[in-house]
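The values are calculated or read from the model by the stated rules, or taken from the named source; none is laboratory data. Every value quoted in this text rests on a predicted model; they were computed, and no experiment measured them. Glycine gets a Cβ as well: all are built from the backbone with ideal geometry, and neighbour counts include every protein chain shown.
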Amino acid sequence: MAETGPTDSPRGKETAPPVCSPEVYTSPPPQPNERKPGQLSPEQVRQFFEEGYLLVKDYFTPEELQPVREAVEELVDDLAQRMRRAGKITDTHKDVGLFQRLTLLNKEYPGAAVVLHKKGKLPQAFRDLWSHERLLNVMEQFIGPEIAGHPIWNLRTKTPRNEEVTVPWHQDNAYLGVQSLGTLQPTAWIPLLDANKDNGCMQVVRGGHRKGITARHLCCVGGTWYVELPEDEIENTLGCDLKNDIVTCEVPYGGVLFLNNAIPHRSLENNTDQIRWSLDLRWQHPDKPCGFEGIKDVIPMRSAKNPDLKPDWEKFESVDRTANQQRKMNNESGAEDEFDTTIQGPWMLRWEIVNHNKHTRSLLGEDKGKNPIWTKA
Ligand SMILES: O=C(O)CCC(=O)C(=O)O
Ligand SMILES: [Fe+2]
(Lines give C-alpha, C1' and ligand atoms only; values in the text may rest on other atoms or scores of the structure.)
(Ligands and ions follow the chains in the order given, each with its own letter.)
Protein backbone atom coordinates (compact mmCIF):
# COMPACT_ATOMS: atom_id res chain seq x y z
CA MET A 1 0.00 0.00 0.00
CA ALA A 2 1.22 3.51 -0.76
CA GLU A 3 2.28 5.77 2.06
CA THR A 4 1.57 9.48 2.09
CA GLY A 5 4.40 11.96 2.38
CA PRO A 6 5.41 13.85 5.51
CA THR A 7 3.22 13.14 8.50
CA ASP A 8 3.10 16.75 9.68
CA SER A 9 0.58 17.69 7.00
CA PRO A 10 -2.99 18.48 8.13
CA ARG A 11 -4.98 15.28 8.44
CA GLY A 12 -6.69 14.43 5.21
CA LYS A 13 -4.58 16.83 3.14
CA GLU A 14 -1.74 15.61 1.03
CA THR A 15 1.03 18.17 0.87
CA ALA A 16 3.71 16.00 -0.72
CA PRO A 17 3.45 13.33 -3.37
CA PRO A 18 3.07 9.76 -2.15
CA VAL A 19 5.89 7.34 -2.80
CA CYS A 20 6.36 6.30 -6.41
CA SER A 21 5.02 3.11 -7.94
CA PRO A 22 6.43 3.38 -11.46
CA GLU A 23 6.35 -0.34 -12.28
CA VAL A 24 2.57 -0.54 -11.66
CA TYR A 25 1.96 1.86 -14.54
CA THR A 26 4.75 0.89 -16.92
CA SER A 27 5.00 -2.93 -16.81
CA PRO A 28 2.59 -5.06 -18.86
CA PRO A 29 1.47 -8.38 -17.33
CA PRO A 30 2.35 -11.66 -19.11
CA GLN A 31 0.44 -11.54 -22.39
CA PRO A 32 -2.26 -14.15 -23.14
CA ASN A 33 -1.11 -17.11 -25.25
CA GLU A 34 -4.29 -17.22 -27.32
CA ARG A 35 -5.36 -14.74 -29.97
CA LYS A 36 -8.77 -13.27 -29.06
CA PRO A 37 -11.11 -10.82 -30.82
CA GLY A 38 -10.28 -7.15 -30.37
CA GLN A 39 -6.84 -7.73 -28.89
CA LEU A 40 -4.21 -5.07 -29.41
CA SER A 41 -0.92 -5.61 -31.21
CA PRO A 42 2.23 -5.92 -29.07
CA GLU A 43 3.19 -2.45 -30.31
CA GLN A 44 -0.10 -0.98 -29.07
CA VAL A 45 0.29 -2.63 -25.65
CA ARG A 46 3.81 -1.24 -25.48
CA GLN A 47 2.53 2.24 -26.30
CA PHE A 48 -0.10 2.11 -23.54
CA PHE A 49 2.54 1.33 -20.92
CA GLU A 50 5.27 3.58 -22.30
CA GLU A 51 3.28 6.67 -23.22
CA GLY A 52 0.39 6.22 -20.77
CA TYR A 53 -2.37 6.33 -23.38
CA LEU A 54 -3.41 4.62 -26.59
CA LEU A 55 -5.81 5.83 -29.27
CA VAL A 56 -7.49 3.10 -31.34
CA LYS A 57 -9.64 4.30 -34.23
CA ASP A 58 -12.36 2.07 -35.72
CA TYR A 59 -12.68 -0.15 -32.66
CA PHE A 60 -16.49 -0.30 -32.73
CA THR A 61 -18.84 -0.09 -35.69
CA PRO A 62 -21.55 2.60 -35.63
CA GLU A 63 -24.11 -0.23 -35.33
CA GLU A 64 -22.42 -1.49 -32.16
CA LEU A 65 -22.62 1.96 -30.53
CA GLN A 66 -26.15 2.75 -31.71
CA PRO A 67 -27.81 1.07 -28.67
CA VAL A 68 -25.61 3.24 -26.43
CA ARG A 69 -26.79 6.39 -28.19
CA GLU A 70 -30.39 5.22 -27.84
CA ALA A 71 -29.90 4.51 -24.16
CA VAL A 72 -28.59 8.06 -23.65
CA GLU A 73 -31.62 9.38 -25.52
CA GLU A 74 -33.83 7.50 -23.06
CA LEU A 75 -31.92 8.80 -20.05
CA VAL A 76 -32.38 12.38 -21.29
CA ASP A 77 -36.08 11.75 -21.93
CA ASP A 78 -36.51 10.28 -18.47
CA LEU A 79 -34.73 13.26 -16.91
CA ALA A 80 -36.87 15.73 -18.88
CA GLN A 81 -40.07 14.06 -17.75
CA ARG A 82 -39.02 13.91 -14.12
CA MET A 83 -38.00 17.58 -14.20
CA ARG A 84 -41.32 18.59 -15.71
CA ARG A 85 -43.27 16.57 -13.15
CA ALA A 86 -41.30 18.25 -10.38
CA GLY A 87 -42.02 21.68 -11.85
CA LYS A 88 -38.38 22.39 -12.67
CA ILE A 89 -39.08 22.95 -16.38
CA THR A 90 -42.12 23.64 -18.51
CA ASP A 91 -40.98 22.27 -21.89
CA THR A 92 -39.39 18.80 -22.24
CA HIS A 93 -38.18 19.57 -25.79
CA LYS A 94 -39.36 16.17 -26.85
CA ASP A 95 -38.63 16.60 -30.54
CA VAL A 96 -35.07 17.80 -30.15
CA GLY A 97 -32.32 15.29 -30.99
CA LEU A 98 -29.66 13.65 -28.81
CA PHE A 99 -26.99 16.25 -29.53
CA GLN A 100 -29.07 19.28 -28.49
CA ARG A 101 -31.91 18.38 -26.17
CA LEU A 102 -29.99 18.42 -22.89
CA THR A 103 -28.58 21.87 -23.74
CA LEU A 104 -32.14 23.23 -23.88
CA LEU A 105 -33.08 21.50 -20.63
CA ASN A 106 -29.94 22.92 -19.03
CA LYS A 107 -30.94 26.41 -20.14
CA GLU A 108 -34.22 26.25 -18.24
CA TYR A 109 -32.81 24.36 -15.26
CA PRO A 110 -29.10 25.18 -15.01
CA GLY A 111 -27.44 22.07 -13.68
CA ALA A 112 -29.58 19.56 -15.61
CA ALA A 113 -26.36 18.31 -17.23
CA VAL A 114 -24.87 17.78 -13.76
CA VAL A 115 -27.99 15.99 -12.53
CA LEU A 116 -27.71 13.54 -15.41
CA HIS A 117 -23.96 13.11 -14.94
CA LYS A 118 -24.60 12.29 -11.25
CA LYS A 119 -27.39 9.86 -11.98
CA GLY A 120 -25.10 6.90 -12.59
CA LYS A 121 -27.79 4.52 -13.92
CA LEU A 122 -26.50 1.74 -16.12
CA PRO A 123 -28.90 0.96 -18.97
CA GLN A 124 -28.43 -2.46 -20.57
CA ALA A 125 -26.47 -0.96 -23.48
CA PHE A 126 -23.92 0.56 -21.06
CA ARG A 127 -23.58 -2.78 -19.25
CA ASP A 128 -23.04 -4.57 -22.55
CA LEU A 129 -20.39 -2.09 -23.61
CA TRP A 130 -18.55 -2.18 -20.29
CA SER A 131 -18.42 -5.98 -20.22
CA HIS A 132 -17.90 -6.23 -23.99
CA GLU A 133 -15.85 -9.29 -24.86
CA ARG A 134 -13.41 -7.32 -27.02
CA LEU A 135 -12.79 -4.66 -24.36
CA LEU A 136 -12.24 -7.34 -21.71
CA ASN A 137 -9.75 -9.00 -24.07
CA VAL A 138 -7.82 -5.72 -24.12
CA MET A 139 -8.04 -5.46 -20.33
CA GLU A 140 -6.55 -8.93 -20.09
CA GLN A 141 -3.55 -7.54 -21.99
CA PHE A 142 -3.33 -4.58 -19.57
CA ILE A 143 -4.14 -6.08 -16.16
CA GLY A 144 -4.21 -9.86 -16.58
CA PRO A 145 -7.10 -12.39 -16.62
CA GLU A 146 -8.82 -11.34 -13.34
CA ILE A 147 -10.92 -8.34 -14.28
CA ALA A 148 -13.41 -6.14 -12.41
CA GLY A 149 -15.15 -2.90 -13.31
CA HIS A 150 -14.14 0.08 -11.16
CA PRO A 151 -17.00 1.86 -9.32
CA ILE A 152 -16.20 5.18 -11.00
CA TRP A 153 -17.66 5.27 -14.49
CA ASN A 154 -19.17 8.33 -16.12
CA LEU A 155 -21.51 9.48 -18.79
CA ARG A 156 -20.07 12.87 -19.78
CA THR A 157 -22.86 15.30 -20.54
CA LYS A 158 -20.63 17.81 -22.24
CA THR A 159 -22.99 20.58 -23.28
CA PRO A 160 -21.50 23.57 -25.14
CA ARG A 161 -19.44 26.15 -23.26
CA ASN A 162 -20.22 24.74 -19.83
CA GLU A 163 -17.54 24.98 -17.15
CA GLU A 164 -19.17 22.19 -15.16
CA VAL A 165 -18.36 19.61 -17.81
CA THR A 166 -14.91 20.83 -18.83
CA VAL A 167 -12.49 18.78 -16.79
CA PRO A 168 -9.16 20.46 -15.91
CA TRP A 169 -5.74 18.74 -15.84
CA HIS A 170 -5.75 15.83 -13.42
CA GLN A 171 -4.57 12.31 -12.85
CA ASP A 172 -7.48 9.95 -12.18
CA ASN A 173 -5.63 8.72 -9.10
CA ALA A 174 -6.22 12.15 -7.53
CA TYR A 175 -9.94 11.42 -7.19
CA LEU A 176 -9.25 8.25 -5.22
CA GLY A 177 -7.77 7.30 -1.87
CA VAL A 178 -3.99 6.90 -1.60
CA GLN A 179 -4.44 3.18 -0.94
CA SER A 180 -5.03 2.49 -4.65
CA LEU A 181 -1.73 3.98 -5.83
CA GLY A 182 -0.45 0.45 -6.44
CA THR A 183 -3.43 -0.53 -8.63
CA LEU A 184 -3.44 -0.18 -12.41
CA GLN A 185 -6.91 1.05 -13.44
CA PRO A 186 -7.08 1.53 -17.21
CA THR A 187 -9.92 3.64 -18.63
CA ALA A 188 -11.64 3.29 -21.99
CA TRP A 189 -12.88 6.72 -23.05
CA ILE A 190 -15.55 6.24 -25.73
CA PRO A 191 -17.16 9.20 -27.51
CA LEU A 192 -20.66 8.93 -28.99
CA LEU A 193 -19.75 11.19 -31.91
CA ASP A 194 -16.51 12.37 -33.53
CA ALA A 195 -14.63 14.07 -30.68
CA ASN A 196 -12.32 16.83 -31.84
CA LYS A 197 -10.61 19.94 -30.53
CA ASP A 198 -13.64 22.10 -31.30
CA ASN A 199 -16.16 20.05 -29.32
CA GLY A 200 -13.82 19.33 -26.42
CA CYS A 201 -11.83 16.18 -26.99
CA MET A 202 -9.24 14.98 -24.50
CA GLN A 203 -5.63 16.06 -24.16
CA VAL A 204 -3.02 13.95 -22.40
CA VAL A 205 0.50 14.67 -21.24
CA ARG A 206 2.49 11.89 -22.81
CA GLY A 207 4.67 9.96 -20.36
CA GLY A 208 3.31 11.76 -17.26
CA HIS A 209 2.47 8.39 -15.68
CA ARG A 210 6.02 7.05 -15.77
CA LYS A 211 7.12 8.08 -12.29
CA GLY A 212 4.01 6.51 -10.79
CA ILE A 213 3.43 9.58 -8.64
CA THR A 214 0.16 11.33 -7.94
CA ALA A 215 1.33 14.94 -7.95
CA ARG A 216 -0.20 17.62 -5.74
CA HIS A 217 -3.65 18.63 -6.91
CA LEU A 218 -5.64 21.67 -5.76
CA CYS A 219 -9.36 21.89 -5.07
CA CYS A 220 -11.70 23.06 -6.54
CA VAL A 221 -11.65 24.77 -9.93
CA GLY A 222 -13.96 27.78 -10.51
CA GLY A 223 -17.55 26.84 -9.80
CA THR A 224 -16.90 23.10 -10.09
CA TRP A 225 -16.07 20.07 -7.95
CA TYR A 226 -12.98 19.27 -10.01
CA VAL A 227 -9.47 19.18 -8.65
CA GLU A 228 -6.66 20.60 -10.75
CA LEU A 229 -3.10 19.52 -11.33
CA PRO A 230 -1.14 22.78 -11.77
CA GLU A 231 1.06 22.90 -14.87
CA ASP A 232 4.22 23.50 -12.82
CA GLU A 233 3.51 20.23 -10.95
CA ILE A 234 3.22 18.41 -14.27
CA GLU A 235 6.61 19.78 -15.26
CA ASN A 236 8.50 19.74 -11.96
CA THR A 237 7.05 16.71 -10.17
CA LEU A 238 6.13 14.50 -13.11
CA GLY A 239 9.07 15.62 -15.26
CA CYS A 240 7.07 16.45 -18.39
CA ASP A 241 7.73 19.18 -20.90
CA LEU A 242 4.39 20.78 -21.67
CA LYS A 243 5.67 22.35 -24.90
CA ASN A 244 6.32 18.94 -26.38
CA ASP A 245 4.36 16.38 -24.41
CA ILE A 246 0.73 17.54 -24.73
CA VAL A 247 -1.13 15.32 -27.19
CA THR A 248 -4.59 16.35 -28.43
CA CYS A 249 -6.53 13.11 -28.84
CA GLU A 250 -9.20 13.52 -31.49
CA VAL A 251 -11.24 10.32 -31.42
CA PRO A 252 -13.59 9.51 -34.29
CA TYR A 253 -16.96 7.89 -33.55
CA GLY A 254 -16.21 4.19 -33.09
CA GLY A 255 -12.75 4.87 -31.65
CA VAL A 256 -11.52 4.33 -28.09
CA LEU A 257 -8.94 6.25 -26.09
CA PHE A 258 -7.30 4.07 -23.44
CA LEU A 259 -5.87 5.98 -20.47
CA ASN A 260 -3.54 4.94 -17.69
CA ASN A 261 -4.74 6.14 -14.25
CA ALA A 262 -1.53 8.05 -13.58
CA ILE A 263 -1.42 10.04 -16.85
CA PRO A 264 -2.34 13.75 -16.64
CA HIS A 265 -5.26 14.59 -18.92
CA ARG A 266 -8.01 17.14 -19.38
CA SER A 267 -10.89 17.86 -21.71
CA LEU A 268 -11.03 20.98 -23.85
CA GLU A 269 -13.95 23.40 -23.97
CA ASN A 270 -16.87 22.44 -26.19
CA ASN A 271 -17.17 25.39 -28.59
CA THR A 272 -19.70 23.80 -30.93
CA ASP A 273 -23.47 23.63 -30.70
CA GLN A 274 -23.55 19.86 -30.24
CA ILE A 275 -23.26 17.94 -27.00
CA ARG A 276 -20.03 15.94 -26.87
CA TRP A 277 -21.34 12.78 -25.24
CA SER A 278 -18.83 10.20 -24.04
CA LEU A 279 -18.52 7.33 -21.62
CA ASP A 280 -15.50 6.56 -19.49
CA LEU A 281 -15.29 3.02 -18.12
CA ARG A 282 -12.57 1.62 -15.87
CA TRP A 283 -11.30 -1.77 -14.82
CA GLN A 284 -8.79 -3.23 -12.37
CA HIS A 285 -7.77 -6.46 -10.67
CA PRO A 286 -10.72 -7.39 -8.38
CA ASP A 287 -8.60 -8.02 -5.30
CA LYS A 288 -6.55 -4.82 -5.34
CA PRO A 289 -7.59 -1.61 -3.52
CA CYS A 290 -9.86 0.51 -5.70
CA GLY A 291 -9.43 3.78 -3.77
CA PHE A 292 -13.16 4.07 -3.26
CA GLU A 293 -13.46 1.79 -0.25
CA GLY A 294 -16.46 2.46 1.95
CA ILE A 295 -18.36 4.13 -0.91
CA LYS A 296 -18.81 1.47 -3.57
CA ASP A 297 -17.14 -1.81 -4.53
CA VAL A 298 -15.77 -3.04 -7.84
CA ILE A 299 -17.87 -5.34 -10.02
CA PRO A 300 -16.09 -8.58 -11.00
CA MET A 301 -16.54 -9.21 -14.73
CA ARG A 302 -14.20 -11.98 -15.85
CA SER A 303 -12.04 -14.53 -14.07
CA ALA A 304 -9.67 -17.20 -15.34
CA LYS A 305 -10.18 -18.91 -11.96
CA ASN A 306 -13.96 -18.87 -12.37
CA PRO A 307 -14.83 -19.02 -16.08
CA ASP A 308 -18.60 -19.01 -15.36
CA LEU A 309 -18.44 -15.63 -13.62
CA LYS A 310 -21.10 -13.14 -14.76
CA PRO A 311 -21.22 -9.51 -13.60
CA ASP A 312 -23.80 -9.04 -10.83
CA TRP A 313 -25.31 -5.81 -12.16
CA GLU A 314 -28.20 -5.77 -9.67
CA LYS A 315 -25.85 -5.80 -6.72
CA PHE A 316 -23.63 -3.13 -8.29
CA GLU A 317 -26.61 -0.91 -9.13
CA SER A 318 -28.08 -1.25 -5.66
CA VAL A 319 -25.39 1.13 -4.38
CA ASP A 320 -25.81 4.78 -5.39
CA ARG A 321 -22.23 5.92 -5.72
CA THR A 322 -22.82 9.67 -5.87
CA ALA A 323 -25.32 9.75 -3.03
CA ASN A 324 -22.89 7.74 -0.90
CA GLN A 325 -20.10 10.19 -1.72
CA GLN A 326 -22.34 13.03 -0.60
CA ARG A 327 -23.35 11.24 2.61
CA LYS A 328 -19.72 10.66 3.43
CA MET A 329 -19.13 14.37 3.04
CA ASN A 330 -22.05 15.19 5.37
CA ASN A 331 -24.35 16.39 2.59
CA GLU A 332 -27.29 14.21 3.53
CA SER A 333 -29.87 16.57 2.01
CA GLY A 334 -27.99 16.69 -1.32
CA ALA A 335 -27.91 12.90 -1.37
CA GLU A 336 -31.68 12.74 -0.93
CA ASP A 337 -32.60 15.37 -3.55
CA GLU A 338 -32.73 13.92 -7.06
CA PHE A 339 -32.29 17.40 -8.61
CA ASP A 340 -29.43 18.52 -6.40
CA THR A 341 -26.75 20.08 -8.63
CA THR A 342 -23.81 19.81 -6.26
CA ILE A 343 -21.15 17.12 -6.10
CA GLN A 344 -18.94 16.26 -3.14
CA GLY A 345 -16.37 13.52 -2.87
CA PRO A 346 -13.41 12.24 -0.89
CA TRP A 347 -10.94 14.13 -3.08
CA MET A 348 -12.09 17.26 -1.23
CA LEU A 349 -10.54 15.79 1.90
CA ARG A 350 -7.35 14.77 0.17
CA TRP A 351 -6.27 18.02 -1.46
CA GLU A 352 -5.95 21.56 -0.20
CA ILE A 353 -9.09 23.59 -0.85
CA VAL A 354 -7.84 26.84 -2.35
CA ASN A 355 -11.20 27.89 -3.78
CA HIS A 356 -14.60 27.39 -2.21
CA ASN A 357 -17.85 27.23 -4.15
CA LYS A 358 -21.29 25.68 -3.75
CA HIS A 359 -19.81 22.18 -4.02
CA THR A 360 -17.21 22.62 -1.29
CA ARG A 361 -19.34 24.87 0.88
CA SER A 362 -21.70 22.08 1.81
CA LEU A 363 -18.75 20.56 3.64
CA LEU A 364 -18.94 23.54 5.96
CA GLY A 365 -22.57 22.74 6.79
CA GLU A 366 -24.09 22.49 10.24
CA ASP A 367 -23.19 18.86 10.41
CA LYS A 368 -19.46 19.21 10.08
CA GLY A 369 -18.88 17.96 13.60
CA LYS A 370 -19.81 14.54 12.22
CA ASN A 371 -16.76 14.57 10.02
CA PRO A 372 -13.75 14.95 12.27
CA ILE A 373 -11.14 14.25 9.60
CA TRP A 374 -12.04 17.34 7.62
CA THR A 375 -9.99 20.45 8.37
CA LYS A 376 -10.99 23.87 7.11
CA ALA A 377 -8.59 24.96 4.35
O1 LIG B 1 -14.66 13.32 -20.78
C2 LIG B 1 -14.15 14.20 -20.11
O3 LIG B 1 -14.38 15.40 -20.31
C4 LIG B 1 -13.19 13.87 -19.01
C5 LIG B 1 -12.86 12.43 -18.95
C6 LIG B 1 -11.88 12.01 -17.93
O7 LIG B 1 -11.27 12.77 -17.23
C8 LIG B 1 -11.66 10.56 -17.80
O9 LIG B 1 -12.22 9.78 -18.58
O10 LIG B 1 -10.93 10.16 -16.89
FE1 LIG C 1 -10.00 11.62 -15.82
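The table for this structure:
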item: Any hit, the range 229-241, residues being among the charged types (D, E, K, R), more than 28 Å from N357 (Cα to Cα) and either assigned to a loop (DSSP other than H, G, I, E, B) or within 16 Å of ligand 1 (Cβ to nearest atom) (or both); result: yes
item: Leading residue by the ranking (nearest to A113 (Cα to Cα)) among those in the range 156-185 that are surrounded by 22 or more Cβ atoms within 10 Å (Cβ to Cβ) and small (G, A, S); result: A174
item: Options G212, G200, G207, G149; residue that is within 15 Å of ligand 2 (Cβ to nearest atom) and not aliphatic (A, V, I, L, M); result: G200
item: Listing of helices (runs of 4 or more DSSP H) fully contained in the range 260-371 that carry 1 or more residues being modelled with pLDDT under 95; result: 321-328, 332-336, 347-350, 358-361
item: Only listed residue being away from ligand 2 (no atom under 16 Å from the Cβ) and among the charged types (D, E, K, R), chosen from D280, D297; result: D297
item: Of residues in the range 11-32 being part of a loop (DSSP other than H, G, I, E, B) and hydrophobic (A, V, I, L, M, F, W, C), the one modelled with the highest pLDDT; result: C20
item: L257 being within 27 Å of E50 (Cα to Cα) and within 16 Å of ligand 2 (Cβ to nearest atom); result: yes
item: Close pairs (8 angstrom Cβ cut-off, 6 or more residues apart or separate chains): more than 9 Å from ligand 1 (Cβ to nearest atom) in the range 155-173, of a type in the set (K, R) and outside any helix (DSSP H, G or I) anywhere; result: P168/R266; W169/R266
item: Selection within the range 234-254 - under 21 Å from the mean Cα position of the chain (by Cα) and more than 16 Å from ligand 2 (Cβ to nearest atom); result: E250, P252, Y253, G254
item: Criterion violated by I190 - all others in (1) within 16 Å of ligand 2 (Cβ to nearest atom); (2) surrounded by fewer than 24 Cβ atoms within 10 Å (Cβ to Cβ) satisfied; result: (2)
item: Enumeration of residues in the range 152-166 that are within 16 Å of ligand 2 (Cβ to nearest atom) and either in contact with a Phe, Trp or Tyr (Cβ under 6 Å, 6 or more places away or on another chain) or of a type outside the set (A, V, I, L, M, F, W, C) (or both); result: N154, R156, T157, K158, E164, T166
item: Only one of R302, R327, R350 that is out of contact with any Phe, Trp or Tyr (no Cβ under 8 Å at 6 or more places or on another chain), more than 14 Å from W225 (Cβ to Cβ) and in contact (Cβ under 8 Å) with a residue 12 or more places away in the chain; result: R302
